[in-house]
Every structure is written in C-alpha cells, then in structure tokens.
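Written out below as structure tokens is the structure these notes cover.
The values are calculated or read from the model by the stated rules, or taken from the named source; none is laboratory data. Predicted model only: the values in this text are computed from it and were never measured. When we count neighbours, we look across all protein chains shown, and the Cβ atoms used for this are built from the backbone with ideal geometry, even at glycine.
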Amino acid sequence: MSTQLSYEELATLMKRCAGLTVDPDMMQARPDSTFEEYGLDSLGLLAIVGELENRYGTPIEPGAESCKTPGDFLDVINTSLTGA
C-alpha cells in the first residue's frame, strides 16, 4: 500500500466523503485552487482526514482539516504518512 496520497486518491475521497466529483488532473494542474472552488467545506475535509486516519491507522498531523488548497493538504498528509 502506498504511503503517498495522490491527487487521484484525493478526488476519490472527495467523492466518497463529500459527494463531489472532481477531476484529479485539474486539481494537479491547479494545486493552489481552493477547496471552496471545488465545493468542499470544512466538514467534508474533516471527513477525508478521518477516512485517512482509519485507512492508515495513524493520526494525521493537526491542522490538516484547515488546509485551504489541495496542494497544501497533500503536503501535510504525505508528511504525516511518511513521518518526515
């Protein structure tokens, strides 16, 4: 199992946890666009963080649920998952 979360996996989580269909290629091309632009609110992001904590069996760094952009979120998540 990969310990790096990709834009594709994030898009899948956005669909599963918040019911949003997002093009992962668009997110990757525009990593500084806000979650708000995709329709994801703080509760949706919190649900994604919870899903990741359950999936990997480890707490995610505090503040991940406050990230404003996909790029920042992936940086925080991947740092948490790799322990860097």
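Summary of values
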read-out	value
Any hit, region 27-49, residues being touching a Leu at 6+ places or on another chain (Cβ under 7 Å), hydrophobic (A, V, I, L, M, F, W, C), in a loop (DSSP other than H, G, I, E, B) and at pLDDT 95 or above	yes
Every residue from region 64-84 that is in a loop (DSSP other than H, G, I, E, B) and over 24 Å from Met26 (Cα atoms)	Gly83, Ala84
Selection status of Thr21, over 14 Å from Leu74 (Cβ atoms) and among the β-branched types (Val, Ile, Thr)	yes
Given (1) modelled with pLDDT under 95; (2) β-branched (Val, Ile, Thr); (3) crowded, with 19+ Cβ neighbours inside 10 Å, index of the condition Thr3 fails	(3)
Test set (1) surrounded by fewer than 14 Cβ atoms within 10 Å (Cβ to Cβ); (2) outside any helix (DSSP H, G or I); (3) within 11 Å of the chain's Cα centre (by Cα) - Pro59 fails condition number	(3)
Within region 6-26, considering residues that are aliphatic (A, V, I, L, M) and outside any loop (DSSP other than H, G, I, E, B), the one surrounded by the fewest Cβ atoms within 10 Å (Cβ to Cβ)	Met26
Lone unmet requirement of (1) touching a residue at least 12 places away in the same chain (Cβ under 8 Å); (2) within 15 Å of Thr69 (Cα to Cα) for Leu20	(2)
